[in-house]
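Engineer: Below you'll find the structure I mean.
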Amino acid sequence: MLGKYLIIFFISMVPLIELRGALPVAVAMGDDVSVALSFVICIVGNMIPVPFIFFFARKVLEWGADKKYIGKFFSFCLEKGHKGGDKLKKKAGKGLFWALLLFVGIPLPGTGAWTGTLAASILDMDFKRSVIAVVAGVLLAGVIMVVLSFFVEGGIKAVI
């Protein structure tokens, strides 16, 4: 039982997959795991990397952008963060907090806590406000994913 929760926890920490991938896995595990406990575990797992991303990711990416073997990937990550940050800034104006919350909260590929936190760091947002926006966005994404997972699971069971 603990092993299944650890799997869910570690899946929720993986960039691009995050909570959006971990919660459907938890729902698919069925009665072996509690969805409510999985929800909490996924949120914690998804949020653990956030302070590290905010304070160190931009510095590491900037350092590695001109390196021979890792430069392309690091440049790609920086560009993705800049693009995400610029989009948020243009659309949001003074509502940057809400834009970040919705950016993280709408469960689409590349819009999770990792990208949102990197964008907040690149935009030099306040750490406390950006973490609150990211946490709220992760909660929103979690609710959406649990609801969608149950609909999909119910649909599959109805077909079978």
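Engineer: If I compute solvent accessible area with a 1.4 Å probe over the protein chains, what percent of it on segment 16-147 is carbon and sulfur?
Structural biologist: Values: 4970 of 7050 Å².
Ligands and nucleic acids excluded, carbon and sulfur reach 70 percent.
Engineer: Here's another thing I want to ask about it. Would you work out the relative contact order for segment 14-140, in percent, from Cα pairs under 8 angstrom that are 6 or more residues apart?
Structural biologist: Numbers: 144 pairs, mean separation 35.7, N = 127.
Value for segment 14-140: 28 percent.
Engineer: Which whole-Hz couplings ³J(HN,Hα) result when phi for each residue of segment 15-31 is put into the Karplus expression 6.51 cos²θ - 1.76 cosθ + 1.60, θ = phi - 60°, listed in order with x for Gly and Pro?
Structural biologist: x, 6, 8, 6, 4, 4, x, 6, 5, x, 5, 4, 5, 5, 5, x, 6
Engineer: Residue by residue through segment 80-93, what is 3J(HN,Hα) from phi via Karplus (6.51 cos²θ - 1.76 cosθ + 1.60, θ = phi - 60°)? Round to whole Hz and write x for glycine and proline.
Structural biologist: 4, x, 5, 4, x, x, 5, 4, 4, 4, 5, 6, 8, x
Engineer: Once you've got the GNM for the chain with C-alpha springs shorter than 10 Å, pick whichever of Pro51, Pro15, Pro109 has the biggest mean-square fluctuation.
Structural biologist: Pro109
Engineer: Any aspartates and glutamates with Cα under 19 Å of the Lys67 Cα? List them, leaving off those in the same chain fewer than 8 positions away.
Structural biologist: Within the straight-line cut-off, Lys67 pairs with Glu79.
Engineer: Report the extension gain between Val143 and Lys59 in nm, rounded to one decimal, defined as 0.36 nm multiplied by the number of residues separating them, less their alpha carbon distance.
Structural biologist: That pair, Val143 and Lys59, stretches by 27.0 nm at full extension.
Engineer: Distance between the C-alpha centers of segment 1-38 and segment 46-122? Whole Å please.
Structural biologist: What the calculation gives is 24 Å, centre to centre.
Engineer: Need the list of lysines near Lys4 for cross-linking: C-alpha distance under 25 angstrom, and skip anything on the same chain fewer than eight residues off.
Structural biologist: Excluding near neighbours in sequence, the set is Lys157.
Engineer: If I stretch the segment between Leu6 and Asp66 completely, what's the gain in nm (0.36 nm per residue apart, minus their alpha carbon distance), one decimal? Write down the numbers at each step before the final one.
Structural biologist: Numbers: separation 60, 0.36 × 60 = 21.60 nm, distance 3.64 nm.
Once the chain is fully extended between Leu6 and Asp66, it gains 18.0 nm.
Engineer: Taking Lys68 as the anchor, which lysines have their alpha carbon closer than 21 Å to its alpha carbon, excluding any fewer than eight residues away along the same chain?
Structural biologist: Partners within reach: Lys59, Lys80.
Engineer: Between Phe39, Phe56, Phe97, which gets the highest mean-square fluctuation from a Gaussian network model of the chain, Cα cutoff 10 Å?
Structural biologist: Phe56
Engineer: Using θ = phi - 60° and the Karplus curve 6.51 cos²θ - 1.76 cosθ + 1.60, what whole-Hz ³J(HN,Hα) does each residue of segment 139-148 get, with Gly and Pro shown as x?
Structural biologist: Values, residue by residue: 4, 4, 4, x, 4, 4, 5, 5, 4, 4 Hz.
Engineer: Using a Förster distance of 41 Å, how high is the FRET efficiency between Ser75 and Ala36, based on the Cβ-Cβ distance and rounded to 0.05? Walk me through the numbers before you get to the answer.
Structural biologist: On the way: r = 41 Å, r/R0 = 1.00.
Given R0 = 41 Å and the Cβ-Cβ separation, E is 0.50.
The values are calculated or read from the model by the stated rules, or taken from the named source; none is laboratory data. A quick note: this is a predicted structure, and the numbers were derived from the prediction, not measured. When we count neighbours, we look across all protein chains shown, and the Cβ atoms used for this are built from the backbone with ideal geometry, even at glycine. Remember, those area values only see protein heavy atoms, side chains included, never the ligands or the DNA or RNA. Shrake-Rupley method; radii C 1.70, N 1.55, O 1.52, S 1.80 Å.
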